[in-house]
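*Asks:* Encoded as C-alpha cells, here's the structure I'll be asking about.
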Amino acid sequence: MMKKSGLPNLREPDGSCLGSPPPFLAVDLADIDVRESTPLNAPGGVSSRGAKRRGDLRLSDNIKKLIAAALVIAAVILWAALLGGQSAEAMVPALGANQTADQQEEPKVQAEAQPEKIVAGPQNIKEKTATYVFLGWMWISIGVLVYVLRLKIKEVDRLHAIKFFSPDRK
Amino acid sequence: MKPIGSLKRIMAGLAAWMEERLGIEAARDFLRHKTVPQNRHTIWSYTGSLLLLFFSIQVVTGIILAFYYRPTLEEANKSIARIMTEVPLGWVIRSVHFWSATFMIAIVFVHLLSIWIIKSYRKPRELTWMSGVFLLVFTLAFGFTGYLLPWDDLSLAATKVGTDIPRSIPVVGAWMTKFLRGGEDVSGDTLTRFFSFHVSILPLLVLALIAFHVYLIQKLGMSLPVGADEKEEAKRAIPFWPNFVFREMIVWLILFGVLVTIAVFWPPSLGKSADLMAPAPEGIKPEWYFLFLFQTLKIFPAKILFISGDTVAVSLILLGGILFFFLPLLDNRPAGRKGKVITWIAFAFILYAVAMSVWSLLG
C-alpha cells in the first residue's frame with residue numbers, strides 16, 4: 001500500500017524503493033514520510049509546541065519511573081545477594097563462596113578442615129583474563145544498547161504523542 | 001548499487017513470504033494496540049517480565065549443566081566438580097544458574113507482594129493471583145529440589161531437614177515425607193526423584209502456569225490503582241509494543257549485566273561428596289528464602305499443651321499459606337475500596353519475614 005509522499009521519490013531504476021524498510025522495524029518508514037511531510041498545523045499534525053512539550057514531560061516522567069524501577073530492583077538484588085551470601089557463608093563456615101584475603105592467608109587450615117571442597121573460579125590466568133575482558137565488553141555493550149533504546153523510546157513516545165498509529169489517523 | 005538493490009528485493013520477498021505464512025504484521029498490530037497503564041504502580045509491571053527473563057536464563061543454563069550432570073550417588077558430586085574444574089567456563093554457567101535462581105525467587109516475592117499491596121488481585125483477577133501463588137510455590141520447589149543436586153554434606157543435611165518438615169502435618173504428613181524421599185530416608189532415590197522434578201516435572205508445570213497466567217493478564221489487562229479515573233488512565237496508557245517493551249529491555253539488560261557480574265565474582269562453591277551415614281554439620285541453615293520459615297519452626301517449643309510444637313508451627317504456616325492463596329476471596333470488596341487493613345497485614349508480613357531471616361542469620 002504505497003502512500004503519496006511529499007519527499008523526492010527515491011527509487012532505483014528497477015522500481016524498488018531505496019528506503020523500503022526491513023520487516024522487523026517498529027515504525028513503517030513509508031508512513032513516516034507522510035507524517036513528516038504533513039504541516040504542523042494540519043489536522044493530525046503536531047498542532048502546537050505544547051503537545052511536543054507534553055511528550056517530553058511524559059518521557060521525563062517515564063525515565064524517572066524507569067530509574068526508580070531500576071533502583072528498587074537493584075535494592076532487592078542487593079538484599080538477596082547479601083542474604084544469599086551470608087546464608088552461603090553461614091552454611092559453609094570453613095570456606096565461603098567468596099575467597100577473601102583472610103581465607104587466602106590460611107589455606108592450610110582450610111585444607112585440613114575440608115580438603116575436598118572446591119572453590120569456583122577461573123582455572124588459569126588465561127580464563128581469568130578472558131572473563132574480565134568479557135565483563136568489560138558486556139557492560140560497554142549494555143551501555144550502548146541502553147543509549148540506543150533511550151533514543152528509540154523517545155522516538156516511539158513522540159509517535160504515540162501525535163497518535164501516529166491511532167486508527168483514526170488512517 | 002545493483003547488488004544492494006537485489007539484496008533488498010530478496011529480503012522484501014522473504015519478508016512477504018514469511019508474512020503470508022506467519023501473519024507477523026497482524027501480531028505486531030495487535031501488540032501495538034495493546035496498552036499498558038502509566039501510573040505510580042507501573043514500576044511493578046516490570047517484575048513480571050523479569051521473571052520470564054530469569055526463567056529463560058534458568059532453562060538455558062540448566063540445559064547446559066544437564067549435558068554434564070549425572071544424577072547418581074557416585075557421580076552427582078563428581079560431575080558438578082567436573083563442571084566447575086574441567087568444563088570451559090562451567091563454573092560461570094553454574095554460578096549464573098545459581099544466582100539467576102536467587103534473583104528469580106527474590107523477584108517472585110517482590111511481584112506477589114506488590115500485587116498484594118496494590119490489591120490487583122481483586123475481581124476479576126482472582127485466578128491471576130491464584131496462579132501466581134502456585135508459581136511462587138513451584139519456584140520455591142525449584143530451589144529446594146535443585147539444592148540437593150550437588151550432593152554435598154550441606155545439601156544432604158538440608159534436604160533431610162526439609163523433607164522431614166511435612167511429617168508434622170496431621171494425617172498426610174508421613175506419606176508426604178516418604179513420597180518426597182522415595183523411601184523412609186534420604187537416599188539415591190531421593191536424588192533421582194529430585195532431579196526428575198527439577199528438570200522435567202516442575203519446568204512443565206511452570207511453563208503451563210506461565211502460559212495460563214500470561215493469558216489471564218492478556219485477557220483482563222493490567223489493573224489500575226485504587227480510585228483511579230479510568231478515562232485519565234486510558235489517556236496516559238502507552239502501547240505495549242514498542243513503547244513498553246523498549247523500557248522493559250533497558251531493565252532486562254541492566255539486570256542481566258548485574259547477574260553475570262555477581263555470578264563471576266561470587267560463584268557458589270562445592271562441598272565434598274555427601275556421606276549418608278555422617279552426622280549433619282553444625283549450624284546448618286537453608287537458603288535465604290526459607291530462612292524465615294526455618295526460624296519460625298525453631299522458635300516454637302517442643303510441646304504446646306499435649307501437641308507437638310512442630311505440628312502447631314507447620315499447621316499455622318499451612319493455614320497462612322491457604323489464607324494467602326484465597327486472599328482475593330477474603331478481600332472481595334469492589335476495586336475502588338482502599339483496604340488499609342490488608343495493606344498493613346502485607347507490611348507486617350514483610351517486616352516479620354525480614355526480621356526472622358536476620359535473626360536466623362545472626363543466631
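*Asks:* What is the gain in length, in nm to one decimal, between B:Leu318 and B:Ala211 on full extension, counting 0.36 nm per residue of separation less the C-alpha to C-alpha distance? Intermediate values should be presented prior to the final figure.
*Replies:* Numbers: separation 107, 0.36 × 107 = 38.52 nm, distance 2.68 nm.
Length gained between B:Leu318 and B:Ala211: 35.8 nm.
*Asks:* Report, largest value first, the span of the C-alpha coordinates of chain B along each principal axis, in whole Å.
*Replies:* 77, 57, 34
*Asks:* Each label point is 7 Å from the Cα along the Cα-to-Cβ direction; what then is the distance between the points at B:Glu282 and B:Phe300, in nm?
*Replies:* 2.7
*Asks:* Quick query: amide H of B:Ile238 versus all other amide H atoms, modeled in the peptide plane; which residues come in under 5 Å with a sequence gap of 5 or more or a different chain?
*Replies:* For B:Ile238, the qualifying residues are B:Val36, B:Gln38.
*Asks:* Explain nothing, just compute: Karplus ³J(HN,Hα) = 6.51 cos²θ - 1.76 cosθ + 1.60, θ = phi - 60°, for every residue of region B:228-239 in order, whole Hz, x for Gly and Pro.
*Replies:* Each residue of region B:228-239 in turn: 6, 7, 4, 5, 5, 5, 5, 5, 7, 4, 10, x Hz.
*Asks:* Cut-off 10 angstrom, C-alpha nodes, Gaussian network model of chain B. Which of B:Phe306, B:Phe290, B:Phe67 fluctuates the most?
*Replies:* Residue with maximal mean-square fluctuation among B:Phe306, B:Phe290, B:Phe67: B:Phe306.
*Asks:* For n ≥ 4 DSSP H runs only, could you compute -39500 (n - 2.57) per run for chain B, divide by its residues and tell me the 222 nm figure to the nearest 500?
*Replies:* Helix-only estimate at 222 nm: -22500 deg cm²/dmol.
*Asks:* Could you please put B:Tyr289, B:Tyr147 in sequence from largest to smallest accessible area, using a 1.4 Å probe?
*Replies:* B:Tyr147, B:Tyr289
*Asks:* Another one. So how exposed is B:Lys219, as accessible area in Å² (1.4 Å probe, rounded to 10)?
*Replies:* Rounded to the nearest 10, that gives 130 Å².
*Asks:* Could you work out how far the C-alpha centroid of region B:178-252 sits from that of region B:332-357, in angstrom?
*Replies:* Going from one Cα centre to the other spans 22 Å.
*Asks:* List the residue ranges in chain B for DSSP H helices whose C-alpha atoms run 15 angstrom or more along the long axis and whose Kyte-Doolittle average is 1.0 or above.
*Replies:* Counting only whole DSSP H runs, the qualifying helices are B:45-68, B:90-118, B:126-148, B:202-220, B:245-265, B:309-325, B:340-362.
*Asks:* Near the amide H of B:Asp152, under 5 Å away, which other amide H atoms are found, from residues 5 or more places off or on another chain, if H is placed in the peptide plane?
*Replies:* When sequence neighbours closer than 5 places are left aside, the close amide H contacts are B:Ala274.
*Asks:* Oh, and also: Order B:Asp152, B:Asp29, most accessible first, counting only protein heavy atoms with a 1.4 angstrom probe.
*Replies:* Reading off the accessible areas and sorting them downward yields B:Asp29, B:Asp152.
*Asks:* If you don't mind, there's one more thing I want to ask. Sort B:Val226, A:Val148 from largest to smallest accessible area, using a 1.4 Å probe on the heavy atoms of the protein chains.
*Replies:* Per-residue accessible area, sorted high to low, gives A:Val148, B:Val226.
*Asks:* Specify whether the C-alpha gyration tensor of region B:185-311 places it in the rounded, prolate or oblate class, a ≥ b ≥ c being the square roots of the eigenvalues: rounded for a/c under 1.5, otherwise prolate if a/b is larger than b/c and oblate if not.
*Replies:* Cα axes put region B:185-311 in the prolate bin.
*Asks:* Related question: Tell me the accessible surface of B:His33 in square angstrom (1.4 angstrom probe, heavy atoms of protein chains only), to the nearest ten.
*Replies:* For B:His33, the solvent-accessible surface is approximately 90 Å².
*Asks:* To continue, here is another question. Using the alpha-carbon centroid of each, what span in Å lies between region B:276-303 and region B:17-71?
*Replies:* One Cα centre to the other: 37 Å.
*Asks:* Follow-up question, since we're still on this one. Please report the accessible area of B:Ser187 (heavy atoms, 1.4 Å probe, ligands and nucleic acids excluded) in Å², nearest 10.
*Replies:* Rounded to the nearest 10, the figure is 30 Å².
*Asks:* If you don't mind, there's one more thing I want to ask. Given H placed on each backbone N at 1.01 Å, which residues far from B:Ser223 in sequence or on other chains put an amide H within less than 5 Å of it?
*Replies:* Sorted by chain and number, the residues that satisfy this come to none at all.
*Asks:* Consider a paramagnetic label point 7 Å from the Cα of B:Met176 along Cα→Cβ; state which residues of region B:288-324 have an amide N under 15 Å from it.
*Replies:* In region B:288-324, the label zone of B:Met176 (backbone N under 15 Å from the point 7 Å along Cα→Cβ) covers B:293-294, B:297, B:310-324.
The values are calculated or read from the model by the stated rules, or taken from the named source; none is laboratory data. Keep in mind that this is a model prediction, so the values were computed, not measured. In this analysis, Cβ positions are derived from the backbone assuming ideal geometry, glycine residues included, and neighbour counts consider all displayed protein chains. With ligands, DNA and RNA removed, areas are computed over all heavy atoms of the protein, side chains included. Shrake-Rupley method; radii C 1.70, N 1.55, O 1.52, S 1.80 Å.
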